[in-house]
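Structure first, then comments.
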Amino acid sequence: MTTVGLAAVDEAVDPADEWREQVHIAVTTYFDLLAVDPMLTVAWSRDLAGLGPAGVAVQQEGVDRYAELVLRISRGEAMRRAGVRPMSADLAVMLVAGINAMVVRAIERGDDDLSGLAPIAVHLVIAALNP
């Protein structure tokens with residue numbers, strides 16, 4: 001995903017919203033962005049690594065940047081008030097990479113309608129954060 005996509009997810013989330021609503025908005029915004037060009041998501045996930053160390057570095061940077069966004073959202077004031085546990089960087093990376101793998105798998109199987117995956121991803125993130 002691009003810097004523009006990252007900014008769109010970040011801007012969509014209101015830190016004053018209830019924590020589950022923040023998760024819902026962040027994840028659905030992300031899926032809305034993926035739906036614009038699903039094959040770009042596959043290329044980013046599969047083809048970058050084929051470009052060698054530079055491609056792998058770009059791919060890892062993208063995952064890390066989304067994981068940092070997840071961390072920032074998960075450590076917000078509304079999250080703390082709700083008793084949400086601070087998330088580790090490793091868990092944030094696992095969530096981002098796992099959601100991405102689920103999306104790529106669906107696209108590669110011919111499912112270009114990603115809307116059915118968003119609720120699964122929302123459920124996963126809420127379960128990971130649940131106080």
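Observations on the model:
- Computed lengthening from residue 75 to residue 4, 0.36 nm per intervening residue step minus Cα-Cα distance: 23.3 nm
- Of the Cα atoms belonging to the range 81-131, the radius of gyration and Dmax stand at 12.9, 42 Å.
- Taking only the Cα atoms of the chain, the ratio Rg/Rh comes out at 0.96, with Rh defined as the Kirkwood radius.
- The Rg/Rh ratio for the range 1-58, using Cα coordinates for both the radius of gyration and the Kirkwood hydrodynamic radius, is 1.10.
- Accessible area of the chain belonging to carbon and sulfur atoms, whole % at 1.4 Å probe: 60
- Surface accessible to a 1.4 Å probe, per residue, for the residues of the range 69-111, Å²: 55
The values are calculated or read from the model by the stated rules, or taken from the named source; none is laboratory data. Computed from a prediction, not measured in an experiment: that's the story for all the values here. The protein model used for the area step is the full one, side chains on, heavy atoms only, and it has no ligands, DNA or RNA in it. Shrake-Rupley method; radii C 1.70, N 1.55, O 1.52, S 1.80 Å.
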